[in-house]
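The values are calculated or read from the model by the stated rules, or taken from the named source; none is laboratory data. This is a predicted model, so every value here is computed, not measured. A quick note on method: Cβ atoms are made from the backbone with ideal geometry, for glycine too, and the neighbour counts reach across all protein chains shown. What goes into the accessible areas is simple: the full protein's heavy atoms, side chains included, and nothing from ligands, DNA or RNA. Shrake-Rupley method; radii C 1.70, N 1.55, O 1.52, S 1.80 Å.
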Amino acid sequence: MLKIVFLDAATIGDTSLNCIACQGELICYPTSTPEEALSRVADCDVVITNKVRITKELLDAAPSLKLVCEAATGVNNIDLDACKERGIPVKNVAGYSTDSVVQSTFMHLLSLLGNAPYFDNAVKSGEYSRSGLFTDVSVPFVEITGKTLGIVGMGNIGSKVAALATAFGMKVIYYSTSGTGHCKDYPCVSLDELMSLSDAISVHAPYNKNTAGLIGEAQLRLMKPTAFILNLGRGGIVVENDLAKVIDEGIIGGAALDVFEKEPICEDHPLLHTSHPEKLRFTPHTAWASVEARERLIKIVAKNIEETFA
């Protein structure tokens, strides 16, 4: 019987793992420190990880290991060369969270455009009840139709964001982080053009040598004072300290982040202590994690195991 160890099952929440458990003995740990992981993989055939690092040391501690399953798309937490040297296949999961991320993108964008937290609080706080007016137009909101959306990274997610933006009546432009604009449906522009022309900028790129620190203070200062920037790609693409600075100075309209350079974000991070918190929207790296996306993820992990040992 296969012994399958999931090193950080808490990252999947309450999603059923039955389709994996039926393939062998499944042992789940909510989280694992590097030291704990070494002992937990000692006699396993399959290891499943989301963020726990699979290092040479861990592989050496798992002489029976036959498969590494990444419960995500990115495999930067896995020493791929070391796995290859040992003949251990690595299987990830791609495309499972596209709809979830796209929906989260528009949740943030519409919240920023519509000042949603203010109006929600105006009613819940009793301020509206006490006002004597049937409406509250003291804080403006703007329409999405006619605005320009600049997308950084026109992959599967970026393309779907573009299609929905078009349905909302937005104009779409994009910047290719690879340097080659393969998508012909929308204008491909330089990064400086995208930053200066867009009413909203949405980042959907992977983190690599082309995107690390791509959007810093110089780029942010090119933005319209009413424009928003959203990062639902990877932490580190937008330089967070620079973003906090331009928010403090009122240089841009606002920002939304689902991903951070360090996760979880530190409690003393400048972004959590700006002078304009109303201009910020945050989610704790949850854009990928709709109920349906997590279910798809686990089904594909189970399929990866089944196909490997068929």
Filter result (farther than 21 Å from Asn77 by Cα and either without any contact (Cβ under 8 Å) to a residue 12 or more places away in the chain or aromatic (Phe, Trp, Tyr) (or both)) within region 201-244: Ala218, Phe228
For region 1-47, which residues satisfy the criterion of being open to solvent by 40 Å² or more (accessible area, probe 1.4 Å), under 15 Å from Ala302 (Cβ atoms), in contact with a strand residue (DSSP E or B) (Cβ under 7 Å, 6 or more places away or on another chain) and not in a loop (DSSP other than H, G, I, E, B)? Glu25, Leu26, Cys28
Considering only helices (runs of 4 or more DSSP H) wholly within region 51-148, the ones with at least 1 residues that are under 27 Å from the mean Cα position of the chain (by Cα), surrounded by fewer than 17 Cβ atoms within 10 Å (Cβ to Cβ) and acidic (Asp, Glu) are 80-85, 98-114, 116-124
Out of region 282-304, which residues are farther than 13 Å from Val93 by Cβ, not in a loop (DSSP other than H, G, I, E, B) and not aliphatic (A, V, I, L, M)? Phe282, Glu292
If you check Glu307 against the conditions, is it exposed (fewer than 14 other Cβ atoms within 10 Å of the Cβ), of a type in the set (Asp, Glu), part of a helix (DSSP H, G or I) and without any contact (Cβ under 8 Å) to a residue 40 or more places away in the chain? yes
Considering each of Lys160, Lys171 in turn, give the residue that is under 19 Å from Lys224 (Cα atoms), of a type in the set (D, E, K, R) and open to solvent by 20 Å² or more (accessible area, probe 1.4 Å). Lys171
